[in-house]
Every structure is written in C-alpha cells, then in structure tokens.
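Comments concern the structure below.
The values are calculated or read from the model by the stated rules, or taken from the named source; none is laboratory data. Everything numeric here is computed off the predicted structure, so don't read it as measured data. For neighbour counting, all protein chains shown are included, and Cβ atoms are generated from backbone atoms with ideal geometry for every residue, glycine included.
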C-alpha cells in the first residue's frame, strides 16, 4: 500500500487514460455477464448462514422466500402469491405459486421438474431452528408457537398453502420473512450433502450455481426455468451469468473497475474516495461519461455506545450530563463533509435512521454542535472545563479511527480527554457483548423493515446474553412504550410509539449518533437496470449490459 499511495495524486490523469483505453466490450461479446468483486470473500452459499452482506448478496441470486422487499421497501409477493393474517395477529396463511421449481444442476439432477410445495417451507424453516444446524438466523422464528411436543407451528395445509402460528402478535414478522434465512431449500439436496450444501447450493432463484474456486472466482449461471417475468412477459433474468472475483486489495479493485473488468462497486474506500467524489458527495464531472453514481439512504446507524452498567468503578460516563456534553461537543456536519465526502447524513436526530417510516427529525431532537452547551453541562456535572475529569477511552476499529480522531480533537477544545483504543473488530464485538467496554463504536444495519429492529437494542429484557442491549440501557418508561408498540398492529400508531421511544433515548443519551449511512453504487455506463434500495440488497434480475 505504501508504494501505491503516491499514485493517488496522479489518479485523475491515470483514470482518464484507463476510461478511454478500456471498456467492457470484448470481454464476452456473445454473453451478458455481470462482474463484481467481494474483497472479504464469501464464506458459504447456504442461506441458513446468510449473515453478512457478501453472503446475503450471493444468496439473493440463488434463493427465494415467501415474500421480498422491492426497491421502495414494500413487502411484495415472491413464492407466496398472497397471504392473510388473522385478526389476533398470530396466524399467517400463505398461498404459494404452483409454478416454482428448484434448480436442476449437474451435481444434483432431479428427475423432471422438482416443484416447490408448502412442505418445503416446513422443512426449510424447521432447519433454521435445528440446534444441530446452529443457524445464526434462529432468532427470526423466536416468536413462533411450539406445540405440545415443542415442535414449531409450521404447517403445510396442502401443497400450496403454508401456515405459521405465533405465540403472540409480532407486527414486524412479515418483514422478517424477507430475510435470506427464510429461503426455501430442497430437503433431498441438503440431506445428501450435509455441511457441504454450502458449496452445492440448490434454490429457486434467478441464477444457479456453476463454479466456485474459493478465493479466486465464483460463477452463477442464468436459471432458464426461473418463474418471474417482466411487465412485457419477457423471462427474467436478462443476464446470462454473474461472475464474482475475490481481489483483496481495494485499490486493485478500483483499477479493475476503471479498466472495465468489473461492472459495479458498492461503497466508498479511502483509496478512491477523492478521485471519484467531490467533497459534496457528487460524482467527479470528469467521469460522467464512463460511470453512473447511485446514492440513497442506507438503513444503517453509525454510533458510539456508552455501557451504562454500574460496576462500582466510578465511571464518569454513567453521568448523563457528561454523555450529553460529548454529544454536543463535535460538529457532525463538518465531519461528514471532510472525512466522508458527505457519504451519509449527519446524525442530529434519533437512533432510528433516515429512510425508516418512524424517522422524524422534527419531533425527535438529537444533538447538533453546541460547544457552549457542552461546556455548561460539564460544569454542571462537576468538571468545569474538564478539570478533574479522567481520560475517557473509546474502543474503535482501524476503519473508524479517522472519525474518532476528529471527535477526539473536537472534544479536547472543551476539556474532554478522549483516548482511542484501536481494537480488532471481532474482539471489540465480543467485549461489547460481555459489557467489558465502557465506550465503544458500533453500527446497526437493518435486519427487517420495522423500527423495532433499532429500538430493541435498548429494551431492558434484551440484555445480554439473550439480546443485543449492548449499552445496558434500562428505562421503565421506554420498556412500557416498547411493549405497547408490539401489541399494536396499526403501523401509523406503532410509529408514534417509536418516535416517543426515540425521543427518550436522545434525552438519556446512551449513544452518540454519528451519522445515518448512505448507499453508494458506482456502475459502468454500459450497465442498466441496477436499482438502489435502503437495505443495499443486490438485485440483478433486471440488469442488462450493452455492447
């Protein structure tokens, strides 16, 4: 990396040359093959373990569930063509399409077409709850009722009618079913390959498995029997194949994209941020004829969390006024402009991110930059100008060190001595779960389309080890609102509860909201039909590549 950094100064000239000299033409003149890269690799193609964006993206090409999200974040049919929910909110009955088939592959050819039936969902969902499978997605069915023999209440009423019964109403449940954990798989293939199903995947999706050389490349081929068509009746997908590379070095990925060997990049890396984007977050005009930039809200809140469990060690962060002073003590707008090229939105409202229906910056007042207010709060807490306040350590991974260094400098102006504890991501997460970090950087990416997904982080009954309340936040008024919201089946009324809960959080300040993330996608101009959505799902069904 050190050898390559000086080239960064020559990027504008070098990139112009590459854009003129190279294109996607000639790679596969008779086929439409979409190329993208996964620097971190793909660990599995089994949807039971579809945790992490790289695995979710690949599984999204291979599998379908009952329902899915469209780019406008509406829950729409997939294999289920319709559904009903009982008046008490406990029973979900799905009517399935009768024309959906599992992939026929070279490694497991079915005799004739193998149609999906309701019993396949009973098997697939039961597998997620199987302790021997140990799926990280088992929590998605924690509200499902158990019968007298402790079996989950998944039932095939007939070949095209599937029913789920919950132990109690849970309004976000339909949204949870859009997750890739809830994909349907064929029992014959899973039972034949066992753990090796990870690299012998068979689903119903628009593409089917062709090749995987781990760490080198993966190829998914068009599924000629895919059940969906476009508005004109043309079968989907349009692409002939998807090719995934595993180049680790981000700068090399960027250069391959500029050469035309890769069609798509997601997110912004430091090595090309200033080359492609202006400080306002717009595409550098120099590349408007070669590149398309797509941006929009990303349902991800980046934050710093305070651990509020009193361990009797005199932790000053247990004092709400100090937490509020930290919140007021730095300029989020400036931070986003100069460190993120405005890729994201300053976190000056609540914990619920921009893009969620319950996001309300008018009614939920977070923290803007107010150093005078911060100084006054420090004085009220007994530390005028920070005198007597011990150094405060924040655990942060290397990827976010620049943001915390900026905050460190800003807080020093009001007398707060912030120390950075650079920690490996996996180690930090483990310590965070065990309440070993008084102050830590965190992020929460939407699992399902309901603000409960964010607010559950602060419900007292979700304290570890049973939940994700990493801040150890306990507030009876918050809990009462949370419980009332989960009994409410009317979405508008439920969002009112969420707004009130978010306001309570901002007053108590168990977190410092840094920013609400933004989806950023760069594609070659030859690529059309790639949408964008607030959960950053990669949907390639309607993508085309021109000559």
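Scanning the range 480-492 for residues that are in a helix (DSSP H, G or I), surrounded by fewer than 16 Cβ atoms within 10 Å (Cβ to Cβ) and within 26 Å of the chain's Cα centre (by Cα) turns up 483, 491, 492.
Restricting to the range 401-445, count the residues that are on the phi > 0 side of the Ramachandran plot and exposed (fewer than 13 other Cβ atoms within 10 Å of the Cβ). Qualifying residue count, the range 401-445: 0.
Here residue 257 meets each of (1) part of a strand (DSSP E or B); (2) crowded, with 20+ Cβ neighbours inside 10 Å with one exception, condition (1).
Here's a check for you: in the range 126-146, which residue that is assigned to a loop (DSSP other than H, G, I, E, B) and in contact with a strand residue (DSSP E or B) (Cβ under 7 Å, 6 or more places away or on another chain) is farthest from residue 43 (Cα to Cα)? Applying the filter and picking the extreme gives 145. Per this entry, residue 86 is counted among residues that are outside the structural domain of residue 357 (by TED's automatic domain parsing), surrounded by fewer than 14 Cβ atoms within 10 Å (Cβ to Cβ), within 27 Å of residue 487 (Cα to Cα) and out of contact with any helix residue (DSSP H, G or I) (no Cβ under 9 Å at 6 or more places or on another chain). Every test in (1) in a helix (DSSP H, G or I); (2) touching a helix residue (DSSP H, G or I) at 6+ places or on another chain (Cβ under 9 Å); (3) touching a residue at least 24 places away in the same chain (Cβ under 8 Å) is passed by residue 450 save one, and that test is (1).
Considering each residue of the range 454-474 in turn, none proves to be in contact with a strand residue (DSSP E or B) (Cβ under 7 Å, 6 or more places away or on another chain) and in a strand (DSSP E or B). Tell me which residues, restricted to the range 402-431, are free of Cβ contacts under 8 Å to residues at least 24 places away in the same chain and within 21 Å of the chain's Cα centre (by Cα). Across the range 402-431, the qualifying residues are 426, 427, 429, 430.
Suppose the filter is under 24 Å from the mean Cα position of the chain (by Cα) and either more than 28 Å from residue 369 (Cα to Cα) or surrounded by fewer than 20 Cβ atoms within 10 Å (Cβ to Cβ) (or both); does residue 537 pass it?
Against the criterion (under 24 Å from the mean Cα position of the chain (by Cα) and either more than 28 Å from residue 369 (Cα to Cα) or surrounded by fewer than 20 Cβ atoms within 10 Å (Cβ to Cβ) (or both)), residue 537 qualifies.
Where strands (runs of 3 or more DSSP E) sit wholly within the range 152-238, none has at least 1 residues that are out of contact with any strand residue (DSSP E or B) (no Cβ under 7 Å at 6 or more places or on another chain), assigned by TED's automatic domain parsing to the domain that holds residue 453 and modelled with pLDDT under 95.
Would it be correct to say that residue 316 is surrounded by 15 or more Cβ atoms within 10 Å (Cβ to Cβ), touching a residue at least 12 places away in the same chain (Cβ under 8 Å) and more than 23 Å from residue 391 (Cβ to Cβ)?
no
Scanning the range 278-292 turns up no residue that is in contact with a helix residue (DSSP H, G or I) (Cβ under 8 Å, 6 or more places away or on another chain), within 30 Å of residue 464 (Cα to Cα) and modelled with pLDDT of 95 or more. Residue 398 meets each of the listed conditions (1) touching a residue at least 24 places away in the same chain (Cβ under 8 Å); (2) crowded, with 18+ Cβ neighbours inside 10 Å apart from (2). A single member of 28, 64, 104 is modelled with pLDDT of 95 or more, in a loop (DSSP other than H, G, I, E, B) and surrounded by fewer than 19 Cβ atoms within 10 Å (Cβ to Cβ), and it is 104.
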